[in-house]
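Before any comments, here is the structure.
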Amino acid sequence: MLRNSFSHIDTWVFDLDNTLYPSNMRLFDQIEEKMTRFMMREIGVAQGEANALRKQYWAEYGTTLAGLMHRHGVDPEPYLVEVHDISFEPLSPDAGLARTIHELPGRKIVFTNGTAPYAENVLKARGLSGLFDGVFGIEHASYCPKPQRPAFEQVFSQAGVNPERAAMFEDDARNLSVPHQMGLQTVHVAPEQEFADHIHHHTDDLARFLAKIV
């Protein structure tokens with residue numbers, strides 16, 4: 001029974017983008033456009049090359065920002081402010097998701113490769129404000145992104161997470177590898193299932209999955 005797999009869990013860790021809202025709302029498209037424009041201006045490349053580097057750095061470093069910091073010495077704070085200055089109108093409240101998150105026993109936290117202020121805007125637009133005991137952005141991990149282990153270690157230390165009593169929900173399967181190694185229950189939240197040893201569960205409907213637990 002699914003509920004039994006989570007009977008020992010007292011801390012619930014949620015990624016943000018494409019996890020606490022469905023990917024078909026396409027909020028992140030705006031951020032990608034802002035990233036591309038930033039790169040064109042700051043490192044002096046054409047649009048095509050900026051798009052290619054954006055994807056390359058994401059694949060190689062975990063985030064585009066990490067690649068820009070490593071390769072070009074980009075200051076993370078102005079970059080993060082600029083790329084997260086977007087419209088949240090594509091998002092809509094989800095009362096069912098809010099109810100199931102509220103009913104989860106124990107603490108709930110958000111851990112995103114975005115910033116905490118950006119995360120708060122997303123939560124507000126989704127009707128999820130006030131449901132989480134902590135919201136942690138990449139600034140809380142010294143700008144080290146998931147899937148790198150130091151990111152998890154820093155945030156989990158600050159949040160007081162006991163990995164053996166925690167579960168993590170994440171749309172990017174590679175970001176579940178380290179949590180699995182640390183002892184967390186891992187849930188891949190994505191339209192298509194990806195089979196891997198570090199993924200315990202998969203769902204394409206987070207609210208429905210959580211309802212089976214609570």
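The range 47-63 and the range 140-212 have Cα centres spaced 23 Å apart. With a Förster radius of 25 Å applied to the beta-carbon distance between Ser129 and Met40, the computed FRET efficiency rounds to 0.15.
Counted by Cβ distance under 12 Å from Lys108, the other residues give a net charge of -2, where Lys and Arg count +1 and Asp and Glu count -1. Only one item in (1) 16.9, 55; (2) 17.0, 59; (3) 17.0, 52 matches Rg and Dmax of the Cα atoms in Å derived from the coordinates shown, and that item is (1).
Put simply, the amide H of Ile9, placed in the peptide plane, has no neighbours under 5 Å, leaving out anything fewer than 5 places away on its chain. Per-residue extension of 0.36 nm, minus the Cα-Cα distance of Lys55 and His72, leaves a gain of 4.6 nm for this segment. With a Förster radius of 22 Å applied to the beta-carbon distance between Arg26 and Gln47, the computed FRET efficiency rounds to 0.65. Here the Karplus relation 6.51 cos²θ - 1.76 cosθ + 1.60, evaluated at θ = phi - 60°, turns the backbone of the range 43-57 into coupling constants of 10, x, 10, 6, 4, x, 5, 4, 4, 5, 5, 4, 6, 4, 5 Hz, with x for every Gly and Pro. A simple count of charges around Val187, restricted to other residues whose Cβ falls under 14 Å of its Cβ and scoring Lys, Arg +1 and Asp, Glu -1, yields -3. Under 5 Å from the amide H of His202 lie the amide H atoms of His188, each residue being 5 or more positions distant or on a separate chain, with H modelled from the backbone and absent for Pro and chain starts.
Taking a sphere under 15 Å around the Cβ of Ser129 and counting the other residues whose Cβ falls inside, with K and R at +1 and D and E at -1, yields a net charge of +1. Proximity of backbone amide H atoms, modeled 1.01 Å from N, is registered between Val135 and Val110 at under 5 Å, excluding neighbours fewer than 5 places apart on the same chain.
Annotated for the chain: lysine pairs at least 8 residues apart or interchain, Cα distance under 21 Å, count 6.
Every read-out reported here was derived from the displayed coordinates using simple, explicitly stated rules and does not represent laboratory data. For clarity, every value in this text was computed on a predicted model and none was experimentally measured. As a convention, Cβ positions derive from the backbone with ideal geometry for all residues, glycine included, and neighbour counts pool all protein chains shown.
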